[in-house]
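Just so it is clear, none of the values below were taken in a lab; they were calculated from the coordinates. What you are looking at is a predicted structure, and each value in this text was computed from that prediction instead of being measured. Using ideal geometry, Cβ is built from the backbone for each residue, glycine included, and neighbour counts are taken over all protein chains shown.
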Amino acid sequence: MAEYSSHEHESLAGHAVGADRPSKLGATTIAYRAACSEPLIALTFDDGPSTKYTSHVLDILDAKDVTATFFVIGKHAASFPALVRRAAQRHEIGNHTWSHHHLSTGRARPVTRELQRTEQEIRRITGRAPVAFRPPYGCFSGAAAMAAVGMQYSIVLWDVKYNTQDSAASNLARISTNASRGSIILAHDGGTLNNDVVVETLPSLIDRLRQRGLRFVTVSHLLRSAADEAAAAPASDDART
């Protein structure tokens with residue numbers, strides 16, 4: 001859509017100040033991973049729900065007794081509310097916008113509409129607000145960040161991800177090796193990608209990471225644990241001066 005990718009005044013496309021800035025705007029976090037000493041790790045799934053993959057992913061997570069975070073697309077949630085409702089019984093639901101537009105030049109008003117519409121749909125289905133925001137493709141403008149701050153969302157990215165162009169064996173070896181405490185793993189349970197590799201490898205990936213002593217938690221749990229550790233840590237000399 002033109003309002004996301006092309007603008008009459010392109011220099012203002014990502015404007016993070018000005019008339020559209022919410023009142024009493026505060027701050028947020030942008031998390032690629034969490035700085036925690038506990039052996040915690042978070043699985044996240046984007047672009048769902050879908051009839052092709054979401055139920056399979058949920059079945060695997062149930063069988064392995066793992067909690068995760070699902071960043072759902074609003075229009076998909078509206079189409080398949082039962083899948084969102086099932087996911088919300090054990091897992092967290094995050095906001096992945098309504099239409100999955102590329103937000104690298106997104107303006108404040110259309111981005112806010114995307115986030116608000118998705119939040120309203122998630123609340124309608126689950127009775128709870130989304131826990132965080134993940135921008136499609138990991139791209140966002142200053143205005144998109146401002147919209148997220150205005151809605152009190154953390155912005156959650158990732159440090160390890162599935163590559164659906166690689167083989168199952170390659171994904172399993174790479175992710176199980178590169179993920180470590182504090183990691184946020186990106187997978188997909190919907191969208192246009194061929195996510196067969198996710199469903200095929202997920203049970204073994206969970207087993208391998210557990211064998212390394214890692215424990216699966218939701219994104220909120222992971223970030224809260226890191227924040228609690230930081231708050232409890234003694235102040236450095238620099239912080240005291």
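See the values below:
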read-out: Rounded to whole Hz, the Karplus (6.51, -1.76, 1.60) HN-Hα couplings of the range 129-135, x for glycine and proline; value: 7, x, 8, 6, 10, 10, x
read-out: Distance between modelled label sites at Cys139 and Ala82, nm, 7 Å Cα→Cβ extension; value: 3.6
read-out: Length-normalised contact order of the chain in % [C-alpha pairs under 8 Å, at least 6 apart]; value: 31
read-out: Protection proxy ranking of 20-27, 76-83 - average other beta-carbon atoms within 10 Å, highest first; value: 76-83, 20-27
read-out: Lys pairs under 23 Å by Cα in the chain, provided they are eight or more residues apart or on distinct chains; value: 4
read-out: Burial ordering of Glu119, Glu229, Glu92, fewest other beta-carbon atoms within 10 Å first; value: Glu229, Glu119, Glu92
read-out: Residues with amide H under 5 Å from that of Lys161, placed H, sequence gap 5 or more; value: Leu186
read-out: Relative contact order (%) - criterion: Cα under 8 Å, at least six apart; region: the range 32-118; value: 28
read-out: Globularity ratio of the chain, using Cα Rg and 2.2 N^0.38 Å; value: 1.03
read-out: Theoretical FRET efficiency, 1/(1+(r/R0)^6), r = Cβ-Cβ of Ala231 and Arg128, R0 30 Å, to 0.05; value: 0.75
read-out: Ellipticity estimate at 222 nm from DSSP helix runs (n ≥ 4, -39,500 (n - 2.57)) divided over the chain, nearest 500; value: -13000 deg cm²/dmol
read-out: Residue-wise HN-Hα coupling along the range 61-69, computed from phi with Karplus coefficients 6.51, -1.76, 1.60 (Hz; x: Gly, Pro); value: 4, 5, 5, 8, 6, 10, 9, 8, 10
read-out: Using θ = phi - 60° and Karplus 6.51 cos²θ - 1.76 cosθ + 1.60, couplings along the range 164-177 (whole Hz; Gly, Pro as x); value: 6, 7, 8, 6, 4, 5, 5, 4, 4, 5, 5, 5, 5, 8
